[in-house]
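Engineer: There's a structure below that I have some questions on.
The values are calculated or read from the model by the stated rules, or taken from the named source; none is laboratory data. The structure presented is a predicted model; accordingly, all values stated were derived computationally and were not measured. Here the Cβ is made from the backbone with ideal geometry for all residues, glycine too, and neighbour counts use every protein chain on show. Note: areas computed on protein heavy atoms with side chains; ligands, DNA, RNA excluded. Shrake-Rupley method; radii C 1.70, N 1.55, O 1.52, S 1.80 Å.
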Amino acid sequence: MSDLLSRKLGAPGFSAEIYVKELTQSTVGGHDLLQHRQKIQALSEETNQYLKKNVYQNYMQFIETAKEISYLESEMYQLSHLLTEQRSLIVTLLENSLLGDKAPGLRGVEKPEIKTKFNAEVAVNLNVNNQEGRKRLTALLEKVEGCANVVESLTRTLIHEGDMVELDPSDNCAVGRVRGFLLNDSFMIASWLPNKRGNMRYQYQALYELEGLAVINIRDLGPVKYAFKLMMFPDTRVLQCANSNDKKEWLEAFELAKQLKNKKDVSPTPSEETKDNSYDDAFNPFAEDENLPYIPNGSGSSPEVAESIPDWVIEVADDMDVYVAQRDFEEAVSLAEKTRAFWDGASSSVVNLHRDLRLKIDSRIRQLSEVLMNELRVSPDKSLQGGPRAASRAVLLLSRLGQASQACDLFLKHRSALLKHNLRQLKTEGATTLYIKRITSLFFPFVADTGREISRVFPKNKVCASAFVVWSRNEVGKFGNNFRKHVFTSGSTLTTVAECVALVRNHSEQLIEIGLDLTFYLESELRGQVERCLRDAREKLLESIKLRALEDKWRPVNLVNKSGIARFADDLSEIGIASIHSLVYDECWVALTSNTINFSKAYLTFLDDALKMPSADSNIFVDEILHDIFQAQLKHVENSLRSGKYKGEAKFIHKNASFLIHTVLSLAQHRVEEVRLHPSPSFAKLRADFECLLFNQL
């Protein structure tokens, strides 16, 4: 089925609209469409993985091709120089007279200058014996922050340097201003510091060895001019020069540096090595002992010392390149740990002898760390198909490489992007309570899982634990903004708001299981909107009490028959009043007014909603609202007794008042104390004051 589907989707004349139309006509119900969607999604993921594998398999071949192109381009430059030289010779011959002062033939012809000023300078600087080149390299310690490991190699000299602008390889947009430093064996890139600190003007970015670096000339097309491309696995960088002369100087410098390095690697004689690797200790900032001579790698070493370095250590850099190309990061990290253990156990003489090799391996480890960090970085054009497992894998490996802080920061950013993506998948259609239930069921378990993952990957790491607490608080703040936008609207009732707030408070307790309690912070985010809803509900209840008081004639309610009594009993049972036998007489009459019944329902419903929302800090605010609402109803009873208009109904009024105080108010007081676990003095005082008033009226 998968092969058939892939052939159909990959057909030359495939039309998505026709395919969807035929599919909807042939399927029955949404279940078949969902299954077909899952098959297409699985095919998409399979194709994505297949393309990735092809890219990684062909990347090394691409690098080799780029190197061949670079070599061909250097030969074209050489051919151009030869043609220029021949042209100069011809011009010189034409300008010389046969009867002039010069001797016949070419012996008297002065050889024209065929080297440019820059090439002469490069030729001088390429000699690693040159103390001036060493001076310029050590001077970088005062200008480039973080380049100590670059200057540490005693055989390195600075050939050329200059300012350039780095471009994005995908869209050719300017990324930032950088400065390049070409050494005799590598190329270093540094970025400009935004705030200059003393003599420090640049920040070290990366160091690329020349043997793995391909330099490709870029034609001037549109706005991209005077640029060239650097390709090294797994990075690609595009640098733009100020003008054509600067670009030519850089390309010639790269060409001459590679030629000298290749010539040195192919035919190193003992005399040449001794000559090339000589240096002056006065320019070595890392020399610890003037009496201890430096022995270059591969020159003058005794067989015993040379054999102390295993073959696998020499091949570590190449092996790590292969593992990274195959995305076998576990093996690459294991090899890095093994190499680190070897250097830690090696003697100082062995470490000093193979300092260049160690620097090369450290460069590969930094590249491996950068690749793993890219696995965690989230960009608009990067999908989240890897999921949490791939992120956890990269975090574990970075932690093993000693990059715990960076790994934790990138992991939390990755989790934020994944949480945002998952929340966007939830549709807002339907009731507000159902939507809030879905997002709370997703958000709080997600945060709890992130905390457990942090504890598992970074055990006993206080810095990562603190970073998780800060991250959780920020995410709860974003959740609170989203919650307010959907719940606290003009069309939301108090019951809806109360149910949503109760859902959030109950789900937030899941974080307590991992030792994180953000309930107080969440309640502080919602307190202002909750109090506004309670004030609005208070005003509505007070207004309804006034309207019902104007229409109240203090007459009992006739429910017509026993079915009406049964419905009335069910209504009161829902608000917590279990027994109504003392209120019913003559089978269908109730010794309460409709005003008293409606107020009891509204008050107890409001009480239940209010108890779901506030925290301990807002108990006083809620008690004041409950007191004001009940006092307004009792005020209506007091006014009716004092007016004298209802003298004949005084006994009936007292019975309604007794129901309000001894049944409704007692039930409200019991519910409040049950939730808060402590007595409520405001209800007790209200009850005592009104009982005294009723006694005086009698």
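Engineer: Students sometimes get this wrong: rank M232, M200 by accessible area, probe 1.4 Å, all chains present, largest first.
Structural biologist: The residues order as M200, M232, largest area first.
Engineer: Quick one: if the Förster radius is 35 Å, what FRET efficiency do V322 and S244 give, using the C-beta to C-beta distance and rounding to 0.05?
Structural biologist: 0.35
Engineer: Out of the DSSP beta bridges found with both residues in the stretch 129-263, what percent are antiparallel (nearest 5)?
Structural biologist: 95 percent
Engineer: Keeping all protein chains in position, work out how much accessible area S455 exposes to a 1.4 Å probe, and write it in Å² to the nearest 10.
Structural biologist: Probe radius 1.4 Å; accessible area of S455 about 80 Å².
Engineer: Sequence-distant or interchain residues sharing an amide H contact under 5 Å with L183, placed H: which?
Structural biologist: I159, M188
Engineer: Measure off 7 Å from each Cα along the Cα-to-Cβ vector at W343 and S416, then give the distance between these two points in nanometres to one decimal.
Structural biologist: A separation of 3.3 nm, rounded to one decimal place.
Engineer: For an R0 of 56 angstrom, estimate the FRET efficiency from the Cβ-Cβ distance between L423 and K647 and round to the nearest 0.05.
Structural biologist: 0.30
Engineer: A 25 angstrom limit on the alpha carbon distance is what I want to check against. Which of K546/K645; K420/K612; K53/K247; K546/K647; K143/K360 exceed it?
Structural biologist: Those over the limit are K420/K612; K53/K247.
Engineer: So what's the projected area for the stretch 542-693, the Cα convex hull averaged over all directions, in nm²?
Structural biologist: 9.2 nm²
Engineer: For the residue pair F14 and D449, what label-to-label distance in nm results when each label sits 7 Å from Cα along the Cα-to-beta-carbon direction?
Structural biologist: 3.1 nm
Engineer: Tell me the Kirkwood radius of the stretch 347-500: reciprocal of the mean inverse pair distance over distinct alpha-carbon atoms, in Å.
Structural biologist: When all Cα pairs of the stretch 347-500 are included, the Kirkwood radius is 18.2 Å.
Engineer: So, for the stretch 129-263, what is the accessible surface per residue at a probe of 1.4 Å, expressed in square angstrom?
Structural biologist: 43 Å²
Engineer: Sticking with this one: Across 5 Å bins from the origin, how do the percents of Cα pairs in the stretch 640-686 run, short distances first?
Structural biologist: 5, 21, 20, 16, 13, 10, 8, 5, 2
Engineer: Also, I was wondering about something else. In terms of solvent-accessible area of protein heavy atoms at a 1.4 angstrom probe, what is the ranking of R687, R642, R219, R415, highest value first?
Structural biologist: I get R219, R642, R687, R415, largest accessible area first.
Engineer: What accessible surface, in Å², does a 1.4 Å probe find on K546, ignoring ligands, DNA and RNA and rounding to the nearest 10?
Structural biologist: Rounded to the nearest 10, that gives 130 Å².
Engineer: If the reach is capped at under 23 angstrom between alpha carbons, list the lysines near K562, excluding any in the same chain fewer than eight residues apart.
Structural biologist: The qualifying lysines are K601, K655.
Engineer: Sort the stretch 129-263 into rounded, prolate or oblate with this rule: let a ≥ b ≥ c be the square roots of the eigenvalues of the Cα gyration tensor; rounded if a/c is under 1.5, and if a/c is not under 1.5, prolate when a/b is larger than b/c, oblate otherwise.
Structural biologist: Oblate is the answer for the stretch 129-263, as a/c is 1.5 or above yet b/c matches or exceeds a/b.
Engineer: I would also like to ask the following. Can you tell me the order of 176-182, 557-563 when each peptide is scored by its average per-residue count of other Cβ atoms within 10 angstrom, highest first?
Structural biologist: 176-182, 557-563
Engineer: Which sequence of F652, F254 reflects their accessible areas, 1.4 Å probe, from the largest down?
Structural biologist: F652, F254
Engineer: Quote to one decimal, in nm, the extra length available between R393 and R535 on full extension: 0.36 nm per residue of separation minus the C-alpha distance between them.
Structural biologist: 46.0 nm is the gain from fully extending R393 to R535.
Engineer: Across the stretch 550-603, how large is the tail of the calculated P(r) beyond 16 Å, expressed as a percent of all Cα pairs?
Structural biologist: 39 percent
Engineer: Roll a 1.4 Å probe over the protein heavy atoms and report the accessible area of D409 in Å², nearest 10.
Structural biologist: Counting only protein heavy atoms, D409 exposes about 80 Å² to solvent.
Engineer: What FRET efficiency would be calculated for the residue pair N561, S524, taking the C-beta separation as r and a Förster radius of 41 Å, to the nearest 0.05?
Structural biologist: It comes to 0.15.
Engineer: Could you pull out every one of the lysines with an alpha carbon less than 22 Å from that of K413, ignoring same-chain neighbours closer than 8 positions?
Structural biologist: K382, K460, K462, K478
Engineer: Continuing with this model, one more query. Take the Cα coordinates of the stretch 489-611, assign each an equal point scatterer, and use the Debye formula without solvent to give log10 I(q)/I(0) at q = 0.11 Å⁻¹.
Structural biologist: -0.56
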